[in-house]
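Data first, discussion second: the structure below is written as structure tokens.
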Amino acid sequence: MKARFFSIEELVEAPSVAVVVDVMRAFTVAAWAFAQGAQKIVLAESLDEALALKDRHPDWVALKDGPPASGFDALNSPGLLQTVDLGGRTVVQKTTAGTVGALAVKEASLVLCASFVVAEATARLLRLRECDSVTFVVTGEGGQADEDLACAQYIARRATEARTDADEFLRRAAESRAAAELAEGVRQGVHPDDVALCLELDRFSFAVVAAMEDSLMVLRSCAVPSLTGDAPI
């Protein structure tokens, strides 16, 4: 498998297969939303679109980055979301980087939204689909976010090598600027456990797949079967 790593800004054409990585925190939050029972997640291009979708579907849960705001029900924080019952609900998500990156590759034949909590399932799905070339979209900090790059590199390695030690990749993420900003309260809408939750390797056994449905980019959880020859991490 040939792996390429791009920022959102470097994407000039839709790849065939894309893995969009946002560790802190969009796609960690998306995984937690599914774990809390969400049926699907709709990605909004703007806060106004998120509110418009919420207005048309009052039972949907609108989620955003930063501090609480009128019309939004939840924040982009795994720590805050882990106590929310989302059983059967649709979540509308708008974040600074992750949702932007996924929407940028919406024309790809396969789009996976990834973070460390679904890393193994994501790598396993790439192996299952026998993907020859995969574009990893590093969403944070204009493609320079080391937590996202480390996760992307780990998934790429795990998709091609049976045994890969995650420690160095997790260390880089833990020492990233995003981790420091979350820990120090620089960012708003943060729970004290957010960094630790974002670094829980393979917390969930499903992958997160994005696809267009009725003109909307929709995320769904995807169970991934074990493959013959899989080795433990």
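Values for this structure:
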read-out: Test: residue in region 124-143 that is in contact with a Phe, Trp or Tyr (Cβ under 9 Å, 6 or more places away or on another chain), surrounded by fewer than 24 Cβ atoms within 10 Å (Cβ to Cβ) and under 27 Å from His191 (Cα atoms); value: yes
read-out: Phe116 being of a type in the set (Phe, Trp, Tyr) and touching a strand residue (DSSP E or B) at 6+ places or on another chain (Cβ under 9 Å); value: no
read-out: Test result for Phe136, of a type in the set (Phe, Trp, Tyr) and either free of Cβ contacts under 8 Å to residues at least 12 places away in the same chain or over 23 Å from Leu81 (Cβ atoms) (or both); value: yes
read-out: Considering residues of region 1-32 that are among the hydrophobic types (A, V, I, L, M, F, W, C) and touching a Pro at 6+ places or on another chain (Cβ under 9 Å) only, the residue farthest from Gln82 (Cα to Cα); value: Phe6
read-out: Given (1) buried (at least 18 other Cβ atoms within 10 Å of the Cβ); (2) in contact (Cβ under 8 Å) with a residue 40 or more places away in the chain; (3) in contact with a Phe, Trp or Tyr (Cβ under 7 Å, 6 or more places away or on another chain), index of the condition Ile155 fails; value: (3)
read-out: Any hit, region 71-79, residues being over 21 Å from Ala174 (Cβ atoms), without any contact (Cβ under 8 Å) to a residue 12 or more places away in the chain and surrounded by fewer than 20 Cβ atoms within 10 Å (Cβ to Cβ); value: no
read-out: Per-region count, region 105-136, residues among the acidic types (Asp, Glu) and under 25 Å from Leu216 (Cα atoms); value: 1
read-out: Exclusive hit being within 20 Å of Arg203 (Cα to Cα), surrounded by fewer than 18 Cβ atoms within 10 Å (Cβ to Cβ) and either acidic (Asp, Glu) or touching an Asp or Glu at 6+ places or on another chain (Cβ under 7 Å) (or both), set Asp59, Asp85; value: Asp85
read-out: Any chance Arg172 is of a type outside the set (Val, Ile, Thr), surrounded by fewer than 21 Cβ atoms within 10 Å (Cβ to Cβ) and in contact with a helix residue (DSSP H, G or I) (Cβ under 6 Å, 6 or more places away or on another chain); value: yes
read-out: Number of the exception - Gly37 against (1) surrounded by fewer than 20 Cβ atoms within 10 Å (Cβ to Cβ); (2) touching a residue at least 60 places away in the same chain (Cβ under 8 Å); (3) not hydroxyl-bearing (Ser, Thr, Tyr); value: (2)
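Here is a yes/no grid of residues against (1) over 23 Å from Val209 (Cα atoms); (2) of a type in the set (Val, Ile, Thr):
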| site | (1), (2) |
| --- | --- |
| Arg129 | no, no |
| Val134 | no, yes |
| Val137 | no, yes |
| Val190 | yes, yes |
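We did not get these values from a lab; they are worked out from the coordinates using the rules stated. On a predicted model such as this, the values are computed, not experimentally measured, just so you know. We place every Cβ from the backbone using ideal geometry, glycine too, and count neighbours over all the protein chains shown.
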